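The structure appears below as structure tokens.
The values are calculated or read from the model by the stated rules, or taken from the named source; none is laboratory data. Just so it is clear, the model here is predicted, and its values are computed rather than measured. Virtual Cβ from ideal backbone geometry, glycine too; neighbours counted across all protein chains shown.
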Amino acid sequence: MPDDLYDRDALAWSEHQATLLRRAASGEQVNDIDWAHVFEEIEGGGLSELHGVQSDLGQILVHLLKLMAGLRSPPAAIGAARSWPFKPRHNDALRRR
């Protein structure tokens, strides 16, 4: 396959490299594997997955913090305080003393 396939058509390049790698894994002598780009793609894919997980964890933490903040104070809407089912913890602790 042409050397510039990696730059022209990433999907075709990856399918071709997968075929070559399977042939090499079965014991066939294969000289056309684009090792430099294969390594680059493996490293890049791993980093991409790691960054995705880090981003997702950050979003989870933000939503948990928002949830915790919302449980500590009633909504600001008029009349909502009467129907708010949770009492702030600090008020309960002060009343017991």
> Residues in region 33-46: is at least one out of contact with any helix residue (DSSP H, G or I) (no Cβ under 7 Å at 6 or more places or on another chain), at pLDDT 85 or above and surrounded by fewer than 10 Cβ atoms within 10 Å (Cβ to Cβ)?
Replying inline: yes
> Of all residues in region 11-27, which are in contact with a helix residue (DSSP H, G or I) (Cβ under 9 Å, 6 or more places away or on another chain) and without any contact (Cβ under 8 Å) to a residue 12 or more places away in the chain?
Replying inline: 12
